[in-house]
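To start, the structure itself, in structure tokens.
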Amino acid sequence: MNNSDLTLILVDDDPAHSTLIKRNLIKCGLKNELLLLNSGQQLLDYIFCKHQFINREPLQKVLILLDINMPGINGIEILKTLKASNLTSKIPIFMLTSTDEPTEIEECFSLVCNAYVIKPVEHKEFSKKMQQLGDFIMLNQIPQFL
Amino acid sequence: MKENKNLYWLAGLMSIVALATLVVVYFVLWQTAIAQKKADLVHIAQSQARLIEAIARFDMRHNRVDWETPIGERGPTSLLSERAGADTFSQIVDAHKRYQGFGETGEILIAGIEDAQILFLLRHGSQVFEENKSIPLDSELAEPMRRALSNLSGTMIGLDYEGSEVLAAYEPIDVLNLGIVAKVNFDEVKQPFIKAGLITLAITVVIILIGGVFFRYFANPIAQQIIDNERKFRSLVENISEWIWEIDLDGHLIYSSPQAIKIFGFNPTDKAETSFYSLIQAEDIEMLQASFEACLVQRKSLSELDCIFVTESNQLVHLELNIDPVTNSQGSVNGFRGIGHDVTERVAKEQELKRYRENLEHMVAERTEELEQINTEMRNFAYIISHDLRSPLVSITGFTGELKEDFDLISECAIKKLVSCPQEVKEALDERIPESIYFINSATEKMNHLIHSILTLSRAGRREFHFEPVNLATIVNESLASLAYQIEQFKVTVKIDELPTMVTDKLAMEQIVGNLLGNAVKYLSPDRNGVISIRAEITEYKTTIHIKDNGRGIAQADLSRIFDLFKRVGAQDVVGDGMGLTYVQALVRRLGGKINCNSTLNEGSDFYFSILNQDGAQGDKGNE
């Protein structure tokens, strides 16, 4: 595994969800840096070094876990923006959402998301899925961001 | 009145013709009679002359003339001939004495010339027998005899020696140098004709008068009828609301009914030489000329020609024209006749109606758009609500799970290390906290289920339908196959009638039929063997599918609520989420149909839905 320099960015407007996901990912042994952002705007600012992130540290490898239903810029718009730019199109983006709407799943894949994971309501299932997600992330070869 | 006068003229003309015919016939008869009389007289004169000549020649040769003496030695011939003449003549006079003359005034005259006098030697008629009378040669009288003595032969009408007008034939008598005239008084010839003429005339006049009376008797009603008809048609033409007109080929108005005054403010025929085209709006003239041309060429009437006319006060009036070609007795078209119907008001109303209609269409479109928007919003609302509700639910269950894990950790430690913890803590650890967590979990689970149901339902309204011919029998059989286990278990008899092929969304139909059949099996009565029947009723407009069971049935009071979301009625001994029928109803409605149920408690239910027959797409295409 050479994904030790991978930074996971978790974008979710609901801090409860973020916390829950973070806890579960850590619980299943994920050692990577985990950055929590609470809006689409924050993510764009972070990626493109703007506003509060103007002096952020350079990134080696990045993987984004992206919620869809968010106030302001929603997940699908962010996906569209990032995949449309040459700079950011190769960043792996995993949609992580409570929506199992077929049309949205279709839309995300047509915008070339790299995975689509549904947050289960039931806790045990949730834990299990986060474990699998962590494993899956580690399984992947991630390209250099820069 | 004019017709009456014409009839009298006609009668007069006929009388004149009758009289003229009479005159001609009379004249011809007169001519013939005269000719006949003349021929008779000529015959008399000539036969007498030839006879006398023959006698004279005989006398000369045999008795009186010394034929043996050579010509140069005879005495003077005049004397000889005179003597012979006297002899001959005495015989003739003698002969004449022995018979009656001819006719009443008929006479035969024989005369010679002596001392420049016409000497009448014999005059023989019915009344008279005279000899030796003379008149001067140069007198106006006795012209026929003068001609006979001038060695002429013929007939004539002239004065005789007594000065009366006679019809005479004259003939010279050669040998004796005499003339003979057979004559009859002209009056005698004329008299019967005049008499007959007068009688004929009188009869003719009487006949004409009688004819006139009859003519009047028969013609009057005809004339009256003509007058009445004329009056009738005139009043029809002048009183109907349509304008009636006639023009010649150059477009000059020959007739225009008084209705024109109402339409144009004046009657064009009151002005000298009004052209039809001068009444029409300039833009329409070409069209109208083309129409007349077509009418002329095809010899066919044209109808409902919309044309705009200009009134005296320069206002526009819409007239609907009907045009008929007018043909003369030779069959060639020499004009057009037609009717103009004022449709100005109608056109105005139609335009107003059109405006209203457009406005209405616009309003309907606007309203439809609004409704569609609301509909979409409603669907999105359910969708958003269900999503947004699910999000906190994830948190609640998640953190409950976290809490439970942590609590398990703590309770394990407590049991191991804090053996002597107070009883109350022990109760909390052992019973209350796990119980709380259990209830929180079951509540969230239930809530999750509800949200899932709402989401499924909203999806029924969001999925795009694909219409295709769907064989209903196949769908029913597939649904039954998936229920095979229950059907066998409950010993259900399934009866399937002939089912149609419908143009509809296959998946929706599968869900509808599957749900209804599933319900039918699920809610069978445990007291008896199940019977489920499926049949279709097809009318011109819609197809109705009945799915009937002999199951537990539904109480009348509950029937109205069975399609409500999450409502479950009757005994709650069978698992269900209270969503199936709501979902089925939503699908049927989106297909443009209706679903209903007849049911009797403890006897069974008949669920039936009808969908409009359509060749192509039907119902809501669900394409938002």
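Things to note:
- A single member of B:GLN351, B:GLN373 is loosely packed, with under 14 Cβ neighbours inside 10 Å, modelled with pLDDT of 85 or more, more than 46 Å from the chain's Cα centre (by Cα) and away from chain A (no Cβ under 14 Å), and it is B:GLN373.
- Scanning region B:408-430 for any residue that is within 14 Å of chain A (Cβ to nearest Cβ) and either among the basic types (Lys, Arg) or free of Cβ contacts under 8 Å to residues at least 60 places away in the same chain (or both) turns up at least one such residue.
- Restricting B:HIS387, B:HIS341 to residues that are in contact (Cβ under 8 Å) with a residue 12 or more places away in the chain, within 14 Å of chain A (Cβ to nearest Cβ), surrounded by 14 or more Cβ atoms within 10 Å (Cβ to Cβ) and touching a Leu at 6+ places or on another chain (Cβ under 8 Å) narrows the list to B:HIS387.
- Set A:LYS61, A:LYS90: member being in contact (Cβ under 8 Å) with a residue 40 or more places away in the chain, basic (Lys, Arg) and crowded, with 19+ Cβ neighbours inside 10 Å: A:LYS61
- When each of B:GLU498, B:GLU510 is tested for being part of a helix (DSSP H, G or I) and more than 14 Å from every other protein chain (Cβ to nearest Cβ), the lone residue that passes is B:GLU510.
- Matching residues in region A:1-52 - criterion: being within 14 Å of chain B (Cβ to nearest Cβ), touching an Asp or Glu at 6+ places or on another chain (Cβ under 7 Å) and among the hydroxyl-bearing types (Ser, Thr, Tyr): A:SER18
- Unique residue being over 21 Å from B:GLU372 (Cα atoms), at pLDDT 85 or above and not small (Gly, Ala, Ser) when the list is B:LEU591, B:LEU587, B:LEU581, B:LEU565: B:LEU581
- Enumeration of residues in region B:149-172 that are of a type in the set (Val, Ile, Thr) and at pLDDT below 85: none
- Within region B:308-332, tally of residues that are over 19 Å from the mean Cα position of the chain (by Cα) and exposed (fewer than 13 other Cβ atoms within 10 Å of the Cβ): 10
- Unique match (being under 30 Å from B:ARG568 (Cβ atoms) and facing another protein chain (nearest Cβ under 10 Å)) among B:LEU403, B:LEU393: B:LEU393
- Elements of type helices (runs of 4 or more DSSP H) contained in region B:389-487, each with 1 or more residues being more than 30 Å from B:ASP505 (Cα to Cα) and not acidic (Asp, Glu): B:423-427, B:433-460
- Residue match in region B:472-481 (condition: within 14 Å of chain A (Cβ to nearest Cβ) and either of a type outside the set (Phe, Trp, Tyr) or loosely packed, with under 13 Cβ neighbours inside 10 Å (or both)): no
- In region B:293-307, the residues that are more than 18 Å from B:GLY331 (Cβ to Cβ) and either surrounded by 12 or more Cβ atoms within 10 Å (Cβ to Cβ) or within 15 Å of the chain's Cα centre (by Cα) (or both): B:ALA294, B:LEU302, B:SER303, B:GLU304, B:LEU305, B:ASP306, B:CYS307
- Unique residue being modelled with pLDDT of 90 or more, farther than 20 Å from A:VAL117 by Cβ and not basic (Lys, Arg) when the list is A:ILE21, A:ILE47, A:ILE68, A:ILE54: A:ILE47
- Within region B:431-442, none of the residues are within 14 Å of another protein chain (Cβ to nearest Cβ), closer than 24 Å to B:PHE381 by Cβ and touching a helix residue (DSSP H, G or I) at 6+ places or on another chain (Cβ under 6 Å).
- For the residues B:ILE496, B:ILE454, B:ILE512, the requirement of being closer than 30 Å to B:THR397 by Cβ and among the β-branched types (Val, Ile, Thr) singles out B:ILE454.
- Number of residues in region A:108-136 that are more than 11 Å from every other protein chain (Cβ to nearest Cβ) and farther than 18 Å from A:CYS28 by Cβ: the value is 8.
- Index of the failed condition, B:LYS446 passing every other in (1) basic (Lys, Arg); (2) outside the structural domain of B:ARG535 (by TED's automatic domain parsing); (3) in contact with a Ser or Thr (Cβ under 8 Å, 6 or more places away or on another chain): (3)
- Selection within region A:92-105 - over 15 Å from the mean Cα position of the chain (by Cα) and more than 12 Å from chain B (Cβ to nearest Cβ): A:ILE105
- Within region B:498-533, considering residues that are hydroxyl-bearing (Ser, Thr, Tyr) and more than 22 Å from B:ASP573 (Cβ to Cβ), the one surrounded by the fewest Cβ atoms within 10 Å (Cβ to Cβ): B:THR501
- Taking the conditions (1) surrounded by 21 or more Cβ atoms within 10 Å (Cβ to Cβ); (2) within 14 Å of chain B (Cβ to nearest Cβ); (3) of a type in the set (Val, Ile, Thr) in turn, A:ILE76 satisfies each one other than (1).
- Qualifying position, being surrounded by 16 or more Cβ atoms within 10 Å (Cβ to Cβ) and over 30 Å from B:LEU149 (Cβ atoms), among B:GLN259, B:GLN224: B:GLN259
The values are calculated or read from the model by the stated rules, or taken from the named source; none is laboratory data. As the structure is a prediction and not an experimental result, all values here were calculated from the model. No Cβ is skipped: glycine too gets one built from the backbone with ideal geometry, and neighbour counts run over all protein chains shown.
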